[in-house]
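Below is one structure, written out as structure tokens; comments come after it.
The values are calculated or read from the model by the stated rules, or taken from the named source; none is laboratory data. Just so it is clear, the model here is predicted, and its values are computed rather than measured. Cβ atoms come from the backbone with ideal geometry, glycine included; neighbour counts cover every protein chain shown.
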Amino acid sequence: MSIKVALPKGRLLNDTASLTSRVGWGLSDYSESARLYHLKSSRFPDLTAKILHEKDIPIQVAIGNYDLGICGLEWIQELIVKYPASGLVKVRNLCYDCRCLFLAADRRSGFPSLDSVRNSNQVISIATEYPNLAESVSLNCRFKRFNIFPVWGAAEIFPPESADLVLLPANSQSDLPVNLAAIAKIMDSAAFLIANKTSWENQNLNTLLNTLTPLIAARTETTTVVEQFEPVASIISTPAMPPESIRLALPDGHQQKHMVNILNKARIKISDYPSYNGNRRPEIALPGFSAKVIRPQDMPLQVANGKFDIAITGKDWVREHLYKFPSSPIVELADLKYGRVNIVAAVHKDLEADDISSLRKLVAQKAWKLRVASEYVSIADRFARDNRLGMYRIIPTWGATEAFLPDDADILIENTETGSTLKRHNLKVIETLFESTACLIGNAGTLNSAKAARIEDFAETLKRAVQEN
């Protein structure tokens, strides 16, 4: 019987590749330079492995798509606190990538301790990549009133203007961003080997597990316990940002070079963007403007909730947001015409479907419950429903979606610039949904406020700069 293993990409990849090499799993293609996500073992003929985003691994193992997986304990707990009956077995602490989850406050906030949060009557807003853990912690700590807003990353940038607290990982308190102070340690974490419960009980996994025994002694798992810290004396209250200040969200990642080019053409000076030391608060030479650098995926919701007045994101994420929240106040102010990608539907090249019509017929003939994988959950849902693809199930992913076909999904909704990555993974496009470019968005309510004229001037300035390209 074959053994399927889910291995992480990203921060855990190098250490995990080193481990699998030392124990002789024979996965020579598992490296940062891997061009394909499907791996075969040169030592164990029955072993197959796939490289997935770490956040996807617990759920994929829990539902039985993989027998074993490796990921951080915090992502395991993120699943278990919401689904305690999920089919996961924590097999072994692998003793690397040891870090902690901290609950932290901005040093300029009014929350120097966990007790100060407990005693507060205001609604405590917590930004985090771990919304299930954050809710569990808030309930266990008896916060009187709180709300959790999930982000794709860079949670540390949201306090104090857009959040009161943040739940985030760090190696130690001293490794937290300089603007943050930990008020509690929520849990210790490390890389963990996990198993599907059914596979663990019914399948012989000893072939692989025995290879780990000489190198890794079994360790007792650290449970999730809140460790409260002493009040941080350096935390002081400061006046809030002037209400007339225009809060601008700028994109991180590879879109920054395009944004800098447009700002330069618009003769708008910006310093430390992109930042080589991780600064996410660049100085922008526009009176009455303040800027933060966040993930484009987070921008529509944050603008809709009034955390930012304007933001530069992709039309794909705007459409994803509006499909989920049709009455959202988000409006597009300017098309910036860079970051051009197509949002497409793709299937494995061996599937007997070359367009949406033939896929629909194939689904009807085989009575499939189609599995649709995508980062764009709402877009994928709308696509399957509008194209009458029968019974279907949406599989949310955090990236590397092309790895899911054909074993774990039948079709994916993905963005592509040239299509080369899809072809490399033996996928073919059967439908182009729409074209996406970067755009400036705002909140309709803000556009009816005293800030409207300055926002409109900024939008017109960017439009003229785009026309110069």
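Structure above, values below:
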read-out	value
Filter result for the condition that a residue is buried (at least 17 other Cβ atoms within 10 Å of the Cβ) and among the basic types (K, R), over K451, K423	K451
Top-ranked residue in region 402-417 [being assigned to a strand (DSSP E or B) and of a type in the set (A, V, I, L, M); ranked as nearest to K315 (Cα to Cα)]	I413
Strands (runs of 3 or more DSSP E) contained in region 235-343 and holding at least 2 residues under 30 Å from I430 (Cα atoms) and modelled with pLDDT of 95 or more	310-314, 330-335
Tally, over region 115-137, of residues that are under 15 Å from A105 (Cα atoms), of a type in the set (S, T, Y) and touching a helix residue (DSSP H, G or I) at 6+ places or on another chain (Cβ under 9 Å)	1
Single residue of region 136-169 satisfying the filter (closer than 25 Å to Y83 by Cα and among the small types (G, A, S)) that is nearest to the chain's Cα centre (by Cα)	G153
Matching entry among A163, A170, A155 (being farther than 18 Å from S113 by Cα and in contact with a Ser or Thr (Cβ under 8 Å, 6 or more places away or on another chain))	A155
Residue within region 26-41 that is more than 30 Å from A85 (Cβ to Cβ) and in a helix (DSSP H, G or I) present	no
Candidate set: region 6-35, residues that are closer than 17 Å to L209 by Cβ and under 22 Å from the mean Cα position of the chain (by Cα); chosen: the one surrounded by the fewest Cβ atoms within 10 Å (Cβ to Cβ)	T16
